[in-house]
Structure formats: structure tokens, C-alpha cells
Amino acid sequence: MCIRDSLRHHFESLFTFEAPKAIVLYLGGNDLNLGYSAKKIVALIKKFITVINRKFPNTLIFNISIKPSFERIDKLKTIETINKLMYDLSNEKNFFKHIDFYSAMMKNNTVDGQFLLQDGLHLNSDGYDVLRKLLKKAFLKQKNKMMDQLLPVVYMIGVLLFCLLYTSDAA
């Protein structure tokens, strides 16, 4: 989806749901066709992410990196730059997680065509399988981090509950 037009102008009508736990974005690919620089595309994505975060401050935002394709072979360096800058942003913002789809779509530093349709741009079923696995891994990683944060609290509640039960049995 083109960040400049579609998402920015239709944000309120597209994002009408109540505070989701996560939002997954795939942004920037179509903006490459507009001739924008990597810096401009990243600025547009950052602006959009800020809008989302303001509306949903407790929502995790997962960003799927721009995938390589034969159709955009001449733009691979720009794609790599955008993906690197988005990865860097994910290290700065705790609500923003970057999913490296680009690397999974490459083989020996070239686009791996086994994941693309004949048009050289869109994913085939194998490509969607790769994406599904990456998303699942990212979701599980976040779930495990949340569990790691909750475990000390659960432990403390468990100890407190045990103490309460023990003292009430003793009385």
C-alpha cells in the first residue's frame, strides 16, 4: 500500500477497531515506484507509525521488511537501506518490531525466485509460507518476552497465595 496516499488519508476509517494487541504492517514497496528516496520512504513510514502509536499506545507494531523481487531488482540497494533503517528504528522503539522478510527471500545474494509468482513481484504459496513462519516466530518471541516479564509476578502471587493458605490452615 502506498503510504503517501491511501493510508495517511484513510487512517481513521481503516483503523476503527479498539486497541488491538498487535498491528502488522507491510509498507514502502509501492512507494519505490514513485521514485522516492529511501530517506523519504522511511520518513513516511515513521510518520505513519507515530500516528498509529498515538491512537494505540499499548499496541505492538510489527513491520515486515520490504521483500526483494525480480520486478524491483534495480531497487535492491534502496530496499536494503529502508530495511536497515527500519531495523534500527525497532531498536529504538519498544513498541515497534521489525521482521526481516528480505533475508528469507534471498539466496546467495540474489532474489530466490522459488517464492514468487511468474510476475516476479508477488508471493506464491511458498512465499506466504515463509512469511507465515516469520510472523509466527515474531509473535511467539513477543509472547515469551511478556511471559518472562510476568513470571516473577506470577511467582510472587503464588508465594503469597501459598503463605495465605498455609497460615489459614495453621490457624
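Amide H contacts of Met106: Asp112, each under 5 Å away and 5 or more positions distant or on a separate chain (H built 1.01 Å from N in the peptide plane; Pro and chain starts excluded).
Label-to-label distance for Asn108 and Ala19 is 5.1 nm, based on points extended 7 Å past Cα in the beta-carbon direction.
Distances between placed amide hydrogens fall under 5 Å for Leu116 paired with Asn124, all partners being 5 or more residues away or on another chain.
Taken over the alpha carbons of the range 35-94 as equal point scatterers, the Debye sum produces base-10 log I(q)/I(0) values at 0.12, 0.15, 0.25, 0.29 Å⁻¹ of -0.32, -0.49, -1.08, -1.29. Which pairs break 19 Å Cα to Cα here: Lys67/Lys141; Lys75/Lys133; Lys21/Lys143; Lys77/Lys137? Too far apart for the 19 Å limit: Lys67/Lys141; Lys75/Lys133; Lys77/Lys137.
Overall, the accessible surface of the range 66-119 at a probe of 1.4 angstrom is composed of carbon and sulfur to the extent of 47 percent. Computed over protein heavy atoms with a 1.4 angstrom probe, the accessible surface ordering of Arg54, Arg132, Arg72, largest first, is Arg54, Arg132, Arg72. Here the range 1-109 carries DSSP beta bridges of which approximately 0% are antiparallel, counting only pairs with both residues inside.
Averaged per residue, the range 1-103 has 54 square angstrom of accessible surface, using a 1.4 angstrom probe with ligands and nucleic acids left out.
The values are calculated or read from the model by the stated rules, or taken from the named source; none is laboratory data. What you are looking at is a predicted structure, and each value in this text was computed from that prediction instead of being measured. Glycine also receives a Cβ, built like all others from the backbone with ideal geometry; neighbour counts cover every protein chain displayed. All accessible areas refer to the heavy atoms of the entire protein, side chains included, with ligands and DNA or RNA removed. Shrake-Rupley method; radii C 1.70, N 1.55, O 1.52, S 1.80 Å.
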